[in-house]
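Undergrad: After the structure tokens below, expect a handful of questions from me.
The values are calculated or read from the model by the stated rules, or taken from the named source; none is laboratory data. Model, not experiment: these values are computed from the prediction. Heads up, the Cβs are rebuilt from the backbone with ideal geometry, glycines too, and the neighbour counts pull from every protein chain shown.
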Amino acid sequence: MNRQAFTRAALAAVGALLAGGPGGRGQERPRVRVNGARVTEQLRALAEFGKNPEGGVSRVAYSEADRAGREYVLGLMRTAGLDPKTDYAGNLIGRRAGSSPGAAPIMLGSHIDSVPNGGNYDGPVGAIGAIEVARALTEAGITTQHPLEVAIFSNEEGGKTGSRAISGELADKELDLVTASGRTVRDGIAFIDGDPGRLASARRRPGDVAAFLELHVEQGAILQRGGIAIGVVEGIVGIKRWNVTVEGFANHAGTTPMDARQDAMVAAARFIEAVPRVVTRTPGRQVGTVGRIQAFPGAPNVIPGRVALSLELRDLDMPKIDRILEDLRAEAQRIGALNGTIFRFDEFYVSHAAPTDERIRRLIEEAASELGLSTLRMPSGAGHDAQSIAQLAPVGMVFVPSVEGISHSPSEFSHPDAIAAGVNVLLHTLLKLDATFGAR
Ligand SMILES: [Zn+2]
């Protein structure tokens, strides 16, 4: 190429960049791609730590396997051009400088701990994916305006300990709970090089993080069944749980006639049957479950005088959960009137819904569409670290399909191409966020 031709080519390249602009609809930046083969290889390597005979992992937080896996991930972070540190809560946080002085970081991340006898994708896909995004940027010589932080949160499966320390939701009394590793949360945090005495210093405030993105496997089969590449998470559903007590009258199972019984079990059975009916009476994706039941005194020859059962309702819309409960109370009263039993509802657990940010949902959809990937908006029925970070920053979540929707099992699987597509969406959503979320 002669000098003139070179100049023309250079000008054309600059022109194309300017026309597209960062985060615009231009075609320059979307050409950056993550290395899918590298992601696959790193997921395979990480699966060695805590691997179980069934082909999954038992890499519960604060175990030796967790510590070894974290060491491996630290190495990946360094190679990706991140400068990783362990915060006081045991979160691994790697940082890549941005070009805009004083801008709050955009954070990407997930977790690498598993449930006992878990799989290789719940958590690692988002953790390895976030590191790969940093590495792709480094290799492409792209500096974002905002600093980039990749967070590998500690003990997600045992109660989102690391991300809740960052959001300030972690209560002191939780530190004495014994985790699946056999260690208390307190000892566990120390075991992974955190400092349980200084957790308050791990906390971030609103404004400290410009935005947060998490890539995760769907853990359901909606995307796979629909042949859809990318789930755009509308939010993490809220959860309410009640202890429901049905009071009847315990009496002799042989001498009490059928029409004179206040059988708490019969009333409980009618109630359990009513739950799916009442929950689905209104349109939406709300779910309701009775997962536990116990009859008292619990003998074959005694009419149950009392039944204790659990009721759980989940939805993105908390007031809707309350409305469904009111419908269920009304139903319980009607059922109780049939045989002289009384229902009592005691709420014992609330987890507030964490909606994702509408602007970020749109950027995810834009990024996916530019990559030629189909999307579907959907709620997340499972809890995630993004739920904690939503307390202090706008968040977005990207789902990739889980084969057969299996999760928390060694059979958990997501196809390498599906994962690579998700990591590319993560990368391009980040670039769009970087351009549109004002770096002051
Ligand atoms: Zn997870």
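Undergrad: Among the residues of the range 132-165, write down those that are assigned to a helix (DSSP H, G or I) and either within 16 Å of the ligand (Cβ to nearest atom) or among the polar types (S, T, N, Q) (or both).
TA: If the condition is that a residue be assigned to a helix (DSSP H, G or I) and either within 16 Å of the ligand (Cβ to nearest atom) or among the polar types (S, T, N, Q) (or both), then THR138, THR161, GLY162, SER163, ARG164 are the ones that fit.
Undergrad: For the range 117-127, indicate whether the set of residues that are surrounded by 21 or more Cβ atoms within 10 Å (Cβ to Cβ), outside any loop (DSSP other than H, G, I, E, B) and away from the ligand (no atom under 16 Å from the Cβ) is non-empty.
TA: Within the range 117-127, none of the residues are surrounded by 21 or more Cβ atoms within 10 Å (Cβ to Cβ), outside any loop (DSSP other than H, G, I, E, B) and away from the ligand (no atom under 16 Å from the Cβ).
Undergrad: I've got another one for you. Between LEU108, LEU92, LEU76, which is more than 16 Å from the ligand (Cβ to nearest atom) and surrounded by 23 or more Cβ atoms within 10 Å (Cβ to Cβ)? Walk me through it before giving the result.
TA: Values: LEU108 fails: more than 16 Å from the ligand (Cβ to nearest atom); LEU92 fails: more than 16 Å from the ligand (Cβ to nearest atom).
Result: LEU76 is the single residue among LEU108, LEU92, LEU76 that is more than 16 Å from the ligand (Cβ to nearest atom) and surrounded by 23 or more Cβ atoms within 10 Å (Cβ to Cβ).
Undergrad: May I ask you to list the residues in the range 73-116 that are in contact with an Asp or Glu (Cβ under 7 Å, 6 or more places away or on another chain) and of a type in the set (Asp, Glu)?
TA: Passing the criteria: only ASP113.
Undergrad: Write out, first by first residue and then by second, each pair whose Cβ atoms fall under 7 Å of each other, whose residues are 6+ apart or on separate chains, and whose first residue, in the range 86-111, is of a type in the set (S, T, N, Q) while the second is part of a loop (DSSP other than H, G, I, E, B) and within 16 Å of the ligand (Cβ to nearest atom).
TA: Listed by first residue and then by second, the contacts come to ASN91/SER154; SER110/GLY123.
Undergrad: Quick one: is ARG261 without any contact (Cβ under 8 Å) to a residue 60 or more places away in the chain and either assigned by TED's automatic domain parsing to the domain that holds GLY119 or away from the ligand (no atom under 16 Å from the Cβ) (or both)? It would help to see each step written out before you state the result.
TA: Working: without any contact (Cβ under 8 Å) to a residue 60 or more places away in the chain: no; either assigned by TED's automatic domain parsing to the domain that holds GLY119 or away from the ligand (no atom under 16 Å from the Cβ) (or both): yes.
No.
Undergrad: Still on this model: Residues to consider are ARG59, ARG38, ARG70; find the one that is surrounded by 16 or more Cβ atoms within 10 Å (Cβ to Cβ), at pLDDT 95 or above and not in a helix (DSSP H, G or I). Steps first, answer last, please.
TA: Working: ARG38 fails: not in a helix (DSSP H, G or I); ARG70 fails: not in a helix (DSSP H, G or I).
Within the list ARG59, ARG38, ARG70, the selection yields ARG59.
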